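J.: Next up is a structure, given as structure tokens.
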Amino acid sequence: MLVENDSTAQFDGVYTVGPAGTVLITLGERGTYTLSVDVLETEGTITEQATPENFDCNQSSTQVNISAGGELTGNTLSTLMACSTEVNSTNESS
């Protein structure tokens, strides 16, 4: 698993993940990140990207799944709700 930001490795490691296992990485700084996951036994590779738009008020996550046969699937999910903005207004009537 490799996580890069501007082509600089932020996280790089080889892990054994069992059936229904989970690896969680939290990205705390806004930026463009590339997540690459490889399955050594099948030589499968998948790459997903998180962009600055994923770091707004919405809940966002990128998930990569490995099937029992070593097939990789990935997606990025976001709530895509409008972010609240404070509006200062005055209601004056004459």
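The values are calculated or read from the model by the stated rules, or taken from the named source; none is laboratory data. Please read these numbers as outputs of a predicted model, since none were measured by experiment. Cβ placement follows ideal geometry from the backbone for every residue including glycine, while neighbour counts extend to all protein chains displayed. Please note that ligands, DNA and RNA were not included when accessible areas were found on the heavy atoms of the full protein model with its side chains. Shrake-Rupley method; radii C 1.70, N 1.55, O 1.52, S 1.80 Å.
J.: What number results when the radius of gyration of the chain, computed over Cα atoms, is divided by 2.2 N^0.38 Å?
T.: Numbers: Rg = 18.8 Å, N = 94, 2.2 N^0.38 = 12.4 Å.
Rg over 2.2 N^0.38 Å, computed on Cα atoms: 1.52.
J.: What's the center-to-center distance, using Cα atoms, between region 1-16 and region 20-38 in Å?
T.: Cα centres, region 1-16 to region 20-38: 8 Å.
J.: Still on this structure, I have one more. How much net charge surrounds Ser67 when only other residues with a Cβ under 15 Å from its Cβ are counted (Lys, Arg +1; Asp, Glu -1)? Before the final figure, lay out each step's value.
T.: Numbers: positive: none; negative: Asp38, Glu41, Glu43, Glu71.
Taking every Cβ under 15 Å from that of Ser67, the sum is -4.
J.: Averaged per residue, what accessible surface does the chain expose to a 1.4 Å probe, in Å²?
T.: 80
J.: Here's something else I'd like to know. How far is it, in nm, from the label point at Cys57 to the one at Thr8 when both lie 7 Å from their Cα along the line to the Cβ?
T.: 3.1
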